[in-house]
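> Encoded as structure tokens, here's the structure I'll be asking about.
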Amino acid sequence: YTDRDYEFIDSLKSVFDFGKGISEFSTLPVVKKDRYEIAALLPFMFGSLDDPGQVLQNTLVTDLYQGMLLAAEDLEIRGKPLDLVAYDTKRSEQITAEILNSTQFKQTDLIVGPLFSGPVKEAQNFTLENQINMINPVSSTSEIIGRNPFSFLFKPSVETQAKKLAELVITEVNNKNAMIFYEANSKDSLFAATYRETIEE
């Protein structure tokens, strides 16, 4: 989506009378509110106060949420208040589906998370049906967002990183020879293939 040339698409629409279908995803209404509700769909893994061990080992998620709370406090001071509501997905598709179908969740303006593939699938369906934006704060895998126009990555995707690195090398390095080393995993393979394709073009 980021690589689309919207001016060119709009000119094609006007010349060939395509209608709205080609860039239909850009029609999300802008709604101004006094307060926005942000849902943090994160795997806190909280069971009970009797056994806090798993929660204490889950520092990535707790640190991320603490940062969100600090940002919310800062926005409150600046006169831009929001309600940050935490939901524990427990890495479960079923629990995530229950959260998304709850009446309280219908007030949500933005979803942060989920972080794991099962809960992500549930959230993807929900965001498409309800036209609510969702942002993944930790992943750089474009499969997380799929072809969902309401789903975003906070970090650049692996493909974007590879393209930008290749563009930098093309403009900064005067050597036409290159070697690409990568590990035998899907992320490295995708990076290497995208990098090579961009360099060769």
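The values are calculated or read from the model by the stated rules, or taken from the named source; none is laboratory data. Predicted model, so just to flag it, every value in this text is computed and none were measured. All Cβ positions, glycine included, derive from the backbone under ideal geometry; neighbour counts span all protein chains shown. For the accessible areas, the whole protein counts, side chains as well, though only heavy atoms, and no ligand, DNA or RNA atoms are used. Shrake-Rupley method; radii C 1.70, N 1.55, O 1.52, S 1.80 Å.
> Of all the residues that make up segment 141-157, how many are in a loop (DSSP other than H, G, I, E, B), open to solvent by less than 50 Å² (accessible area, probe 1.4 Å) and in contact (Cβ under 8 Å) with a residue 24 or more places away in the chain? Show your work before the answer.
Keep residues of segment 141-157 that are in a loop (DSSP other than H, G, I, E, B), which gives 141, 145-150, 154-157.
Then keep just the ones that are open to solvent by less than 50 Å² (accessible area, probe 1.4 Å); that gives 145-146, 148-150, 157.
Pick out the ones that are also in contact (Cβ under 8 Å) with a residue 24 or more places away in the chain and you get 148-150.
Summing the residues that are in a loop (DSSP other than H, G, I, E, B), open to solvent by less than 50 Å² (accessible area, probe 1.4 Å) and in contact (Cβ under 8 Å) with a residue 24 or more places away in the chain in segment 141-157 gives 3.
> Only residues that are under 23 Å from ASP63 (Cβ atoms) and among the charged types (D, E, K, R): list them for segment 86-132, please.
ASP88, LYS90, ARG91
> Continuing with this model, one more query. Scan segment 108-119 and tell me whether some residue there is out of contact with any helix residue (DSSP H, G or I) (no Cβ under 7 Å at 6 or more places or on another chain), among the charged types (D, E, K, R), outside any helix (DSSP H, G or I) and within 30 Å of ILE95 (Cβ to Cβ).
Looking for residues that are out of contact with any helix residue (DSSP H, G or I) (no Cβ under 7 Å at 6 or more places or on another chain), among the charged types (D, E, K, R), outside any helix (DSSP H, G or I) and within 30 Å of ILE95 (Cβ to Cβ), one finds at least one in segment 108-119, hence yes.
> Identify the residue in segment 177-189 that is open to solvent by 70 Å² or more (accessible area, probe 1.4 Å) and assigned to a helix (DSSP H, G or I) and, among all such residues, is nearest to THR160 (Cα to Cα).
The qualifying residue nearest to THR160 (Cα to Cα) is LYS187.
> Would you please name the residue that is modelled with the highest pLDDT, looking only at residues in segment 120-140 that are in a loop (DSSP other than H, G, I, E, B) and under 13 Å from PHE154 (Cβ atoms)?
Pass one, segment 120-140, residues in a loop (DSSP other than H, G, I, E, B): 131-132, 137-140.
With under 13 Å from PHE154 (Cβ atoms) added as a condition, the list becomes 137-140.
On the way: PRO137: 91, VAL138: 88, SER139: 86, SER140: 83.
If we take residues in segment 120-140 being in a loop (DSSP other than H, G, I, E, B) and under 13 Å from PHE154 (Cβ atoms), then PRO137 is modelled with the highest pLDDT.
> Can you tell me which residue among GLU122, GLU98 is acidic (Asp, Glu) and within 30 Å of ASP188 (Cα to Cα)? Steps first, please.
Values: GLU98 fails: within 30 Å of ASP188 (Cα to Cα).
Going through GLU122, GLU98 in turn, just one is acidic (Asp, Glu) and within 30 Å of ASP188 (Cα to Cα): GLU122.
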